[in-house]
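The values are calculated or read from the model by the stated rules, or taken from the named source; none is laboratory data. Since the structure is predicted, the reported quantities are computational estimates derived from the model, not experimental observations. Cβ atoms come from the backbone with ideal geometry, glycine included; neighbour counts cover every protein chain shown.
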Amino acid sequence: MKHLLSLEKLPRADFETILRDATGFKRERGAHPTQPLAGQTWALIFSKSSTRTRVSFETGLRELGAGVMFLNANDIQLGRGEPIKDTARVLGRMIHGAVIRTFAQSDVEDFAIYSKIPTINALTDEEHPCQVLTDIFTFEELRGPIAGKVVAFIGDGACNMPASWIFAAAKLGFELRIAAPKAFQPAAECLKRAGGKIIVTEDLLSAATGADLLYTDVWVSMGKEAEAAERLKIFAGYQINQKLVERAKPGALVMHCLPAYRGKEIDAATFEAHADTIFTQAENRLHVQKSILNWAVS
Ligand code: CP
Ligand code: NVA
């Protein structure tokens, strides 16, 4: 039984399989030679908003032969307090796999244990593994192997996105620099567990210098809305803009997992200048989700 719950737990060989097979799923879109999920029914159980993750999984599941149900967590008894382990035991007797977006990492882990069906983390407060797999796929599609390259993450260094980047870095052999205000830097314990070459700094100019990829994410993640005003003050300046791009390696990529807030984590001109990369990255969610689903049922 395979689950994709975190990049920390994903073996390097499985990283490589998912990234390799995504190329085929992209190339063969509309003409997949097999339907690895034929006859299956999957559920998407989401407690947070989503555009890209929801649409890419729903489309990917259908194109690989599965039936799909989207369950807003508030519309099922889970939203009224039914425990995740009971929800998991019910669904595990009815359906073949689940894609879950929620707050607590322990909820996706408990779901996997109790449902006994393949379970995929579609974002928790701790990790966003599917997004970082797509980001790496997109980098390699555009620039070749990421091993030995330098990735600079600018912004909220304590949220789900940098955490998944941290666990990818050691396994795939690239240098990761995280530029974030002191109070929003990744936990030392998380860096220690991951290993690899990871530099954490408040200095975004030094983090960007010579980087092959500049990456950012929202300053206010889902669930942190009550802190929005304070965060906007603390993160002011942690922005990808032309000045930062000039510090990176010539031809460096700029990526954003989206949704983007122009004038905050990225300025409008830089976003538009790199829109082709950013929307290729968004499109690749579909191809990589298919590869994740295929891996999960293989
Ligand atoms: N990047 C990402 O996960 O987007 P959604 O929140 O729209 O799914
Ligand atoms: N850190 C962001 C990622 C959105 C895709 C959030 O959790 O809202």
Worksheet, complete the sentence: Contact list, first residue from the range 243-259 and in contact (Cβ under 8 Å) with a residue 12 or more places away in the chain and over 15 Å from VAL150 (Cα atoms), second anywhere and more than 16 Å from ligand 1 (Cβ to nearest atom) and of a type in the set (Lys, Arg), beta-carbon distance below 9 Å, six or more apart or interchain, is none
Item to complete: Quick one: in the range 10-30, of everything that is assigned to a loop (DSSP other than H, G, I, E, B) and modelled with pLDDT of 95 or more, which residue is farthest from ILE84 (Cα to Cα)?
Response: GLU28
Worksheet entry | Among (1) buried (at least 19 other Cβ atoms within 10 Å of the Cβ); (2) away from ligand 1 (no atom under 16 Å from the Cβ); (3) hydroxyl-bearing (Ser, Thr, Tyr); (4) under 16 Å from VAL151 (Cβ atoms), the one test that SER206 misses | (1)
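Return the only residue of TRP165, TRP219 being outside any helix (DSSP H, G or I), within 16 Å of ligand 1 (Cβ to nearest atom) and hydrophobic (A, V, I, L, M, F, W, C).
TRP219
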Item to complete: Of the conditions (1) under 16 Å from GLU8 (Cα atoms); (2) modelled with pLDDT of 95 or more; (3) touching a helix residue (DSSP H, G or I) at 6+ places or on another chain (Cβ under 7 Å), ALA147 clears all except one; give me its number.
Response: (1)
Worksheet, complete the sentence: The condition of being touching a residue at least 24 places away in the same chain (Cβ under 8 Å) and either touching a Cys at 6+ places or on another chain (Cβ under 7 Å) or surrounded by fewer than 24 Cβ atoms within 10 Å (Cβ to Cβ) (or both) holds, among ALA170, ALA98, only for ALA170
Worksheet item: Just wondering, is there one or more residues in the range 112-134 that are surrounded by 15 or more Cβ atoms within 10 Å (Cβ to Cβ), over 19 Å from LEU10 (Cα atoms) and within 16 Å of ligand 1 (Cβ to nearest atom)?
Response: no
